[in-house]
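Student: Take this structure, written in structure tokens, and hold onto it; I'll ask about it next.
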Amino acid sequence: MELGVKICGITKPEQGRAIASLGATALGFICVPNTPRYVSPQQIRAIVEQLPDETPCDRVGVFLNASVEDICQTVENANLNCVQLHGSESTRFCDDLRVAFPDVKLIKALRIRSIADLNQASIYEPWVDALLLDAYHPDQAGGTGRTIDWAMLKQFRPHCPWFLAGGLNPHNVLDALNLVSPDGIDLSSGVETAPGDKNLRQVAQLFQTLKDSKHENTTICD
Ligand SMILES: O=C(O)c1ccccc1N[C@@H]1O[C@H](COP(=O)(O)O)[C@@H](O)[C@H]1O
């Protein structure tokens, strides 16, 4: 199966456009106030409006324990088609969001410290379109650059598509993909010059590396 590639923490229209053209299947926007990559719904809409028609990609809002009302308002105002829940949102919350927005794809992120944390995955499977595994950090919710112990994920086979996230970059991505087989990968700080300022050279290097190793791109959670 081909690999989805989500590039997260987009803050600039020209970078969103370039990254979509390079082959990203999803762009992520951090909708978590008081974090370094935060973008307002208006900023997201301005970026989304400039995305190239010829290389469509998912537009993912990343939320952390926000209310259903706030998420719905942002989805509408920013023109998102996918929501990533990166906090401690319950399955009931996922269902509420699904009822409010049946056409919006849902990704539940889990922050993985140990094999025990992986048990959470099966609980969410029926309620979401995809899972995302990120590394645990005691003080930060995401975008930390920390990697999961990939060896721990060798047997991870959920019944829905899943993304591998956490500290991936053009240099270590093949090491990760040699150990685990996610449906998609998600990169943020590993392709950045500074928080929210993407390094297009590194993004291009990522796609070249994947191409050379025959991991091509596709949209997941359709
Ligand atoms: O990137 C952020 O600032 C962020 C803030 C709050 C919640 C999630 C956030 N980012 C998510 O973190 C992972 C991995 O990031 P990295 O590659 O380790 O830098 C990614 O899923 C982002 O969506």
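Student: Given points 7 Å out from each Cα along the Cα-Cβ axis, report the Gln42 to Arg201 separation in nanometres with one decimal.
Tutor: 3.5
Student: Then there is this: Reachable lysines from Lys12, Cα under 16 Å, same-chain residues fewer than 8 places away excluded?
Tutor: Here the lysines satisfying the reach criterion relative to Lys12 are Lys198.
Student: Can you pull out the GluC sites (Glu not before Pro) in the range 34-71 whose DSSP state is coil and whose Cβ has at most 11 other Cβ atoms within 10 Å?
Tutor: Counting only loop positions with at most 11 other Cβ atoms within 10 Å, the GluC sites (Glu not before Pro) in the range 34-71 are Glu54.
Student: Search the structure for amide H atoms under 5 Å from the amide H of Gly145, placed 1.01 Å from N in the peptide plane, and list their residues when 5 or more places away or on another chain.
Tutor: The list, which skips near neighbours in sequence, is Gly167, Ser189.
Student: Could you compute the net charge surrounding Ile10? Neighbours are other residues with a C-beta less than 14 Å from the C-beta of Ile10; K and R count +1, D and E count -1.
Tutor: Counting the neighbours of Ile10, the net charge comes to +1.
Student: Oh, and also: What are the principal axis extents of the Cα atoms in the range 1-137, in Å, biggest first?
Tutor: Dimensions of the range 1-137 along the principal axes of its Cα atoms: 41, 34, 29 Å.
Student: If you don't mind, there's one more thing I want to ask. Could you compute the FRET efficiency for Val68 and Tyr136, with r as their C-beta to C-beta distance and R0 at 22 Å, rounded to 0.05?
Tutor: Once the sixth-power term is evaluated, E becomes 0.30.
Student: With each label point set 7 Å from Cα along the Cα-Cβ vector, what nm distance links Asp212 and Ala151?
Tutor: So the label points at Asp212 and Ala151 sit 2.7 nm apart.
No value in this document is a laboratory result; all are computed from the given coordinates. Quantities reported herein were computed from a predicted structural model and do not represent experimental measurements. For neighbour counting, all protein chains shown are included, and Cβ atoms are generated from backbone atoms with ideal geometry for every residue, glycine included.
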